[in-house]
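Rule-based calculations on the coordinates, nothing more; no lab input. Predicted, not measured: the structure shown is a model, and the values here were computed from it. A quick note on method: Cβ atoms are made from the backbone with ideal geometry, for glycine too, and the neighbour counts reach across all protein chains shown.
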Amino acid sequence: VAAQTKRANLVIVINGMRDFNLHYELFRSAQKSLKLYGEPDDGLRKLNRAQEAAWRFLERNFELHKDRFVFAAEEKGWQERETKLLERLKREVGDNEAAFAITNSVYEAVNGQEIRWDEGISASSVLETLVAEYCGVSGRFEKVVILFDEFGRYLEYASVNPGRAGDSALQQIFEAAQNAEGQIQVVNFIQSDIKTYLQRVDQTSNISRY
């Protein structure tokens, strides 16, 4: 792909060996890729309502519940206190699982419910943002290339846990690719041909639909 373009492609790598919600995994992988390329991820951050909620909670509640934040941070092995802890949490809460977990634990203790990581995020909105803000005439990248390793393993998980796996993300990814006029390319890897794969997996699942 790179040999056919004049500019770099934004390559996003997803590993299906882990159990995850695909909407959020695409979002998080896109953030990581942008950072690797040295690009700001402001365009993606605005999609994440969970990050906005965490930011607002930190701003309004850190002083009120400082001891709770310090205790939660200590459990994660953090040594920061006072202003330094607040600054680090605000800086990292959007892309650091530990920072979000610290903030979320205090949020749950205060409000009785958690902030969901994947709140407000959809695969289609992630891809539309990447194409609109990072590709095209004004963007740095030629196109978005998604490399989905162990795609078969993800399908097995999604067929049993469709809600938790965010299986609707698959349809959104493929529709986005079809509508992007060549600016999104999706490459899925399965270790055997489709017929052999379907014979190997659990026949009681609805995996053939995927």
(request) Report the extension gain between Q171 and Y210 in nm, rounded to one decimal, defined as 0.36 nm multiplied by the number of residues separating them, less their alpha carbon distance. (result) 13.1 nm
(request) Show the residues, 5+ positions off or on another chain, whose built amide H is closer than 5 Å to the amide H of V186. (result) I146
(message) Using a Debye calculation, one point per C-alpha and no hydration shell, please list log10 I(q)/I(0) for region 125-185 at q = 0.12, 0.30 Å⁻¹ in order.
(response) -0.35, -1.21
(request) Could you point to the label whose value was computed as semi-axes √(5λ) of the Cα gyration tensor in Å for the structure here, given [x] 53, 25, 11; [y] 34, 23, 14; [z] 39, 17, 15? (result) [y]
(request) With only Lys, Arg, Asp and Glu charged, each at its Cβ (+1 for the first two, -1 for the last two), find how big the charge dipole of the chain is about the Cα centre; round to the nearest 20 debye. (result) 300 debye
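What is the gain in length, in nm to one decimal, between N179 and D19 on full extension, counting 0.36 nm per residue of separation less the C-alpha to C-alpha distance? Let's see the in-between values first.
Details: separation 160, 0.36 × 160 = 57.60 nm, distance 2.81 nm.
Result for the pair: 54.8 nm of gain on full extension.
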(message) Per DSSP helix of 4 or more residues, -39500 (n - 2.57); summed, then divided by the residues of the chain. What does that give at 222 nm, rounded to the nearest 500?
(response) -16000 deg cm²/dmol
(request) Among the lysines, select those whose C-alpha is under 22 Å from the C-alpha of K143, and discard any that sit fewer than 8 residues away in the same chain. (result) K6, K32, K35, K46
(message) For region 1-83, take every pair of Cα atoms, bin their distances at 5 Å starting from 0, and report each bin as a whole percent.
(response) 3, 11, 14, 14, 15, 19, 12, 5, 3, 3, 1, 0
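Note the full-extension length gain between R45 and A132 as 0.36 nm times their separation in residues minus their Cα-Cα distance, in nm to one decimal.
Values: separation 87, 0.36 × 87 = 31.32 nm, distance 1.45 nm.
Result for the pair: 29.9 nm of gain on full extension.
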(request) For region 133-146, just list the computed ³J(HN,Hα) in residue order, Karplus coefficients 6.51, -1.76 and 1.60, θ = phi - 60°, integers in Hz, with x standing in for Gly and Pro. (result) 9, 10, 10, x, 4, 8, x, 6, 9, 6, 7, 9, 10, 9
(request) Mind pulling the angle between the C-alpha long axis of helix 22-36 and the longest principal axis of the chain? Nearest 10 degrees, somewhere in 0 to 90. (result) 80 degrees
(request) Please report how far the C-alpha centroid of region 57-80 lies from that of region 136-171, rounded to the nearest whole angstrom. (result) 34 Å
(message) Given R₀ = 45 Å, what would the calculated FRET efficiency be for E82 paired with R116, taking r from the Cβ atoms and rounding to 0.05?
(response) 0.95
(message) To test your reading of the geometry: what angle, between 0 and 90 degrees and rounded to tens, separates the Cα axis of helix 66-75 from the longest principal axis of the chain?
(response) 50 degrees
(request) Compute the Rg/Rh shape ratio of region 63-103: radius of gyration over Kirkwood radius, all on alpha-carbon atoms. (result) 0.91
